[in-house]
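*Asks:* Below you'll find the structure I mean.
The values are calculated or read from the model by the stated rules, or taken from the named source; none is laboratory data. These numbers come from a predicted model, not from an experiment. Neighbour counts are summed over all protein chains in view; Cβ atoms, including those assigned to glycine, are modelled from backbone coordinates with ideal geometry. Side chains included, ligands, DNA and RNA excluded: accessible areas come from the protein's heavy atoms. Shrake-Rupley method; radii C 1.70, N 1.55, O 1.52, S 1.80 Å.
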Amino acid sequence: MEVFILKKQFRGYEKGTQFYLIAESEFIGVKEFVMRTKDLTKSISLTESELRQYFSLIKIP
């Protein structure tokens, strides 16, 4: 499972918040991603451009 971290504040979540990538889908060239907070209490849906702008993939050892 991929883990992402917020690069800057987004939709009320603070910079540094970690998210799991739960699902990704594509419909007629539009990609959508579903992310869940690391504690699995909240989820958000976002576009590919929002993912690139606000999130960074992190490596988990």
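*Asks:* Filter region 51-61 down to the residues that are surrounded by fewer than 16 Cβ atoms within 10 Å (Cβ to Cβ) and not hydroxyl-bearing (Ser, Thr, Tyr) and list them by number.
*Replies:* The answer is 52, 53, 57, 58, 59, 60, 61.
*Asks:* So residue 51 fits all but one of (1) in a helix (DSSP H, G or I); (2) more than 11 Å from the chain's Cα centre (by Cα); what number is the exception?
*Replies:* All conditions pass for residue 51, except number (2).
*Asks:* Something else now. For region 1-18, name all the residues that are open to solvent by less than 70 Å² (accessible area, probe 1.4 Å) and either of a type outside the set (Gly, Ala, Ser) or in a strand (DSSP E or B) (or both).
*Replies:* 3, 4, 5, 6, 10, 13, 17, 18
*Asks:* Filter region 19-44 for residues that are over 8 Å from the mean Cα position of the chain (by Cα), outside any loop (DSSP other than H, G, I, E, B) and either among the small types (Gly, Ala, Ser) or surrounded by 12 or more Cβ atoms within 10 Å (Cβ to Cβ) (or both) and give the result.
*Replies:* 22, 23, 24, 25, 31, 32, 37, 43, listed by residue number.
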